[in-house]
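Student: Please read through the structure below; I'll follow up with questions.
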Amino acid sequence: MADHVQSLAQLEILCKQLYETTDTTTRLQAEKALVEFTNSPDCLSKCQLLLESGSSSYSQLLAATCLSKLVSRTSNPLPLEQRIDIRNYVLNYLATRPKLAAFVTQALIQLYARITKLGWFDCQKEDYVFRNVIVDVTRFLQDSVEHCIIGVTILSQLTNEINQVSFSADSTHPLTKHRKIASSFRDSSLFDIFTLSCNLLKQASGKNLNLNDESQHGLLMQLLKLAHNCLNFDFIGTSTDESSDDLCTVQIPTSWRSGNLAFSHFQATVYQCLFKEAAFTVKMSNVKFFFTFDLQSLSDPNNYHEFCRLLARLKSNYQLGELVKVENYPEVIRLIANFTVTSLQHWEFAPNSVHYLLSLWQRLAASVPYVKATEPHMLETYTPEVTKAYITSRLESVHIILRDGLEDPLDDTGLVQQQLDQLDTIGRCEYEKTCALLVQLFDQSAQSYQELLQSTNSSTMDIAVQEGRLTWLVYIIGAVIGGRVSFASTDEQDAMDGELVCRVLQLMNLTDSRLAQAGNEKLELAMLSFFEQFRKIYIGDQVQKSSKLYRRLSEVLGLNDETMVLSVFIGKIITNLKYWGQCEPITSKTLHSVRKLVKLSAVQFMLNNHTSEHFSFLGVNNQANLSDMRCRTTFYTALGRLLMVDLGEDEDQFEQFMLPLTAAFEAIAQMFSTNTFNEQEAKRTLVGLVRDLRGIAFAFNAKTSFMMLFDWIYPSYMPILQRAIELWYHVPACTTPVLKLMAELVHNRSQRLQFDVSSPNGILLFRETSKMITTYGNRILTLGEVPKDQVYALKLKGISICFSMLKAVLSGNYVNFGVFRLYGDDALDNALQTFIKLLLSIPHSDLLDYPKLSQSYYSLLEVLTQDHMNFIASLEPHVVMYILSSISEGLTALDTMVCTGCCSSLDHIVTYLFKQLSRSTKKRAAPMAQESDRFLHIMQQHPEMIQQMLSTVLNIIIFEDCRNQWSMSRPLLGLILLNEKYFADLRNSIVNSQPPEKQQAMHLCFENLMEGIERNLLTKNRDRFTQNLSVFRREVNDSMKNSTYGVNSNDMMS
């Protein structure tokens, strides 16, 4: 007893240290000790002791958390009787202690919900012992308010728990089993729980509740949460994303539709319930009811947000033609319009909720052309009011934001673009009114702006206000032009677009003339947004050249066709690159796609003058740091594509284009030739140069142009890249661009790397690749221990690029790798051995934690197992086991690309093994190669690895949502043929886990799977097995859907 008391005291001290101490070391030690406690054999008994005798809430929380882990574990699960005892104990504990700390109560309720969910199909004497949830909470509901809160919270948490797939606790709990539990709960208990919540709410509404009383207020809130969780249930297994309201239609069972909610106190949760109920029970004849609420409650942002979501649901449920036929439609649309206008005018209040109001009006406006009803929709009256409210409110906000130093909505370009994408449809409805308003407001602001610029005593604030107003107007003009729909547009509307475009281009001329003195970044970004919208609508082969827009542009600005407009756009691009080179947002957006521009003189100027003298961002002296040069790759990709249009086989034109880059390489070579040089300048020059070259290499996807680039860089300048890797291997800002350039050069995109039959360039290119991988790999491994938060940037990113580089060159089909061993060249062996060294330096967990590393590694492994299996077979046993373990873990990865690559790699390995075994059993078999014999020996020493992967693949196919069934089927046949006895045991285990009446059907499924399958891995046999597997999976799933037993997929892994 004394030991128990001492142990209890120690646990309570550790809990206080974990939750209260500010000393990091003490907290980590306490955490480590408590982790050991949760894994100890007597954890269960000590948890009960903590709950019974613990003096602090933290110890009670620890006990509840540990119990949740115990009941959730899939290996060595607790017996049924023990879980029933824990469930009953928790209920009694909560009933006798209604005033526990809130977080303790919540943890215990979570424990109850977890036990109930995981034991939903558990039977004891033909009774489903965990399904009597309403009976379990009845005694709570008949007691004090505190008990009622606990009872309602239990039901609410249980509903939420069953509705969610917990990937942490249920990582091996298949989705099919989760849906089976959720469907059973929906059919047997959910409606009763929902009815109970409604009845309790009705009882509450009939009483004079004092909402200032904390307990009564808490009870009402928990009832509303319970109702909301019931309505939020995933009824049909679609796993709707709550962030996407477009798809948020609740598929309520027919039997529910008679249910009515009677909510009297509309807090945020009530609005959430109404939002959910609107998805299935709102009758349009009663829609006016929504505006009878006490709208003062909407001063709370949460209430306002949910009410806006509720309004957005109206158009999702009904067509406009149906809405206009409702008796109260005229009054309702007026009320909604007034509410929207008021909301838009108060722009500073809950800006994220405006999306829902604009979404409603966007859908209404988009439906106008399709309305067949004779009743008036009245949108021609109210849509212009909404458009005007949005535009004027944004303009009026500019002065207040600048005066008070508030957060500027224009800084959130994502939110602005989202609203503009909705406004384009709204603004095109009654477009004459929209255009007249924009012209009036633009002329006022532009005139004021010009007067301020001409005045000698104008204040900076006044200029900033007008620039802000013009920024909004340019964004909005671009949006409404982008909202043009060809079949619904008229010549008059095109002429209106011309009026707006003329004004924006005139403003651009004014602002560009001032860039030498000052510029406004937000206004420039708005201009670029406008250009993009204009290009999509009015530039292209589908645009009529006689458009009224071009007539207006010709009259005002002398721009007769799209080619002249494109010249203006290119002039703007050059201006931006010249004056905004240090502004990454403007530079990046400026460099975004250019088309149909090659013949323009401005483009020819760029192709002939791509130097820092004309484009400041190409300079190296003023760069703040090495990572600021990313936009250079985009720039040269664009230039490279433009150059390729007319390049052909003109080597002189290519040499002329490459002159600035040639000079840069010569400058670096000169620096490297001396013992002392400016290292920072060399780094900046090199990084800028390789980023430029990578852009060109990416653009040159034709053989002729790429061969020009290859002959230019090899062999003259390749040693400079190798020297840079040797010098600065520990500086990722330098090595990453160099490695990426090399990976691009060896990538045989569009079969551009096709050397002549007499050319050794393929082999020479691989030698350079091998040298770079070996140099970087050997040096990066000397870094020693790297902090976890820096390991990707300093080490793993470079390794990932090396893997991608090696994969690209091995699968490029321009090198015959047999010649290396034949002529004693160690380039291939060096590259592969470096790969192994780098791989072994990476923990298994990191391979899957970093997506780019995962994809590069598994794609490389697929190539190695396909074409270089003899090398894999020759590796040391611990290396082979590491690779096989990584494949086993990758089979269950969430990334489909990784999973598919693992299946392919496993198929190659299994096929290799099967062929070697088949040869060894033949009477006149040729002597087996030493590496093959060694590999077979390793596999025979560790049969559990292949068996584990057989279990994993079969588990995924039967129980999981298998997204790549064909890929899974390819290695499965080989795994079965290599492990026939184990497969038979596995099959019997699965069959025996079924209910007695289902065992015969499951056995027949497995018989049909192997029907007609021969003991070989020929393509014809594989294809037949793949077909059988598709039928097998369908029949097994149908069988399990009709079963009331839960199949434990973990039995397969034992």
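Student: Using 1/(1 + (r/R0)^6) with R0 = 51 angstrom and r between the beta carbons of residue 655 and residue 897, what's the FRET efficiency to the nearest 0.05? Spell out each step's value before the answer.
Tutor: Numbers: r = 40 Å, r/R0 = 0.79.
Efficiency computed from Cβ-Cβ geometry: 0.80.
Student: Here's something else I'd like to know. Counting each DSSP H run of 4 or more residues in the chain as -39500 (n - 2.57), what helix-only mean residue ellipticity at 222 nm follows after dividing by all residues, to the nearest 500 deg cm²/dmol? Each step should come with its number before you reach the end.
Tutor: Numbers: 48 runs with 713 residues, N = 1054.
Calculated mean residue ellipticity at 222 nm is -22000 deg cm²/dmol.
Student: Right, another one. At a Förster radius of 45 Å, what calculated FRET efficiency corresponds to the Cβ-Cβ distance of residue 392 and residue 319, to the nearest 0.05? Don't skip to the answer; put the middle values down first.
Tutor: Details: r = 31 Å, r/R0 = 0.69.
Computed FRET efficiency for residue 392 and residue 319: 0.90.
Student: Also, quick follow-up: At 1.4 Å probe size, with the rest of the protein present, what percent of the exposed accessible area of the chain is carbon and sulfur atoms?
Tutor: Numbers: 23640 of 48130 Å².
Here it works out to 49 percent.
Student: Put 401, 149 in order of accessible area, largest first, 1.4 Å probe: what do you get?
Tutor: Details: 401 10, 149 40 Å².
Ranked from most to least accessible, the order is 149, 401.
Student: Nearest 0.05, what FRET efficiency do residue 40 and residue 82 give at R0 = 22 Å with Cβ-Cβ as r?
Tutor: Computed FRET efficiency for residue 40 and residue 82 comes out at 0.85.
Student: So between residue 202 and residue 378, what do we pick up on full extension, going 0.36 nm a residue minus the alpha carbon distance?
Tutor: Details: separation 176, 0.36 × 176 = 63.36 nm, distance 3.82 nm.
The residue 202-residue 378 span can extend by a further 59.5 nm.
Student: Right, next: Loop only by DSSP, 13 or fewer other Cβ within 10 Å of the Cβ. Give me the trypsin sites (Lys or Arg not before Pro) in region 745-828 that pass, ordered by residue number. All intermediate terms of the calculation are to be shown ahead of the outcome.
Tutor: Values: sites: 749, 752, 767, 771, 779, 788, 795, 797, 807, 821; in loops: 752.
Of the trypsin sites (Lys or Arg not before Pro), not one in the loops of region 745-828 has a Cβ with at most 13 other Cβ atoms within 10 Å.
Student: In nm, to one decimal, how far is the residue 662 label point from the residue 833 one, both placed 7 Å along Cα→Cβ?
Tutor: 4.0
Student: Let me ask another. Pulled fully out, how much extra length does the chain show between residue 55 and residue 866, if you take 0.36 nm times their separation in residues and subtract their Cα-Cα distance? Mind showing how you got there, number by number?
Tutor: Numbers: separation 811, 0.36 × 811 = 291.96 nm, distance 6.32 nm.
So the chain would gain 285.6 nm between residue 55 and residue 866.
Student: Now for a separate question. What length, rounded to one decimal in nm, is gained on full extension from residue 439 through to residue 564, with 0.36 nm per residue of separation minus their alpha-carbon distance? Present the calculation step by step, with values, prior to reporting the outcome.
Tutor: Numbers: separation 125, 0.36 × 125 = 45.00 nm, distance 2.39 nm.
In short, 42.6 nm is gained.
Student: Residues of region 78-141: accessible area per residue at 1.4 Å, in Å²? Kindly include the intermediate steps, with their values, before the conclusion.
Tutor: Details: 2820 Å² over 64 residues.
Here the residues of region 78-141 average 44 Å² of exposed surface.
Student: For a quick check of understanding: with a 1.4 angstrom probe and all protein chains in place, what accessible area in square angstrom does residue 323 have, to the nearest ten?
Tutor: That residue has around 10 Å² of solvent-accessible surface.
Student: Could you work out how far apart the two model spin labels at residue 126 and residue 407 are, taking each label as a point 7 Å from the Cα in the direction of the beta carbon, and quote it in nm?
Tutor: Result for the modelled spin labels: 6.2 nm.
Student: Among the listed pairs 771/795; 69/180; 522/740; 740/1020; 180/852; 180/1020, give every one whose C-alpha distance is greater than 30 Å.
Tutor: Details: 771/795 18 Å; 69/180 22 Å; 522/740 33 Å; 740/1020 41 Å; 180/852 35 Å; 180/1020 37 Å.
Too far apart for the 30 Å limit: 522/740; 740/1020; 180/852; 180/1020.
Student: Another question about this same structure. With +1 on the Cβ of every Lys and Arg and -1 on the Cβ of every Asp and Glu, and nothing else charged, how large is the dipole of region 783-939 about its Cα centre, in debye rounded to the nearest 20?
Tutor: 520
Student: What area, in nm² and to one decimal, does the C-alpha convex hull of region 600-755 cast on average over all directions?
Tutor: Values: hull surface 36.5 nm².
It is 9.1 nm².
Student: Along Cα→Cβ, 7 Å out, is where each label goes; now give me the distance between the ones at residue 106 and residue 556 in nm to one decimal.
Tutor: 5.8
Student: Determine the alpha carbon to alpha carbon distance for each of 32/177; 32/225; 433/536 and list only those over 27 Å.
Tutor: Working: 32/177 34 Å; 32/225 37 Å; 433/536 24 Å.
Distance filter (> 27 Å) returns 32/177; 32/225.
Student: So what is the diffusion coefficient of the chain in µm² per second by Stokes-Einstein at 10 °C and 1.306 mPa s, using a Kirkwood Rh over Cα pairs?
Tutor: Values: Rh = 35.1 Å.
Translational diffusion coefficient: 45 µm²/s.
Student: To the nearest 10 square angstrom, what accessible area does residue 213 show with a 1.4 Å probe?
Tutor: That residue has around 50 Å² of solvent-accessible surface.
Student: While we're on this one: Under 12 Å from the Cα of residue 578, which aspartates and glutamates turn up, not counting those fewer than eight places away in the same chain?
Tutor: 512, 613
The values are calculated or read from the model by the stated rules, or taken from the named source; none is laboratory data. For clarity, every value in this text was computed on a predicted model and none was experimentally measured. Cβ atoms come from the backbone with ideal geometry, glycine included; neighbour counts cover every protein chain shown. Please note that ligands, DNA and RNA were not included when accessible areas were found on the heavy atoms of the full protein model with its side chains. Shrake-Rupley method; radii C 1.70, N 1.55, O 1.52, S 1.80 Å.
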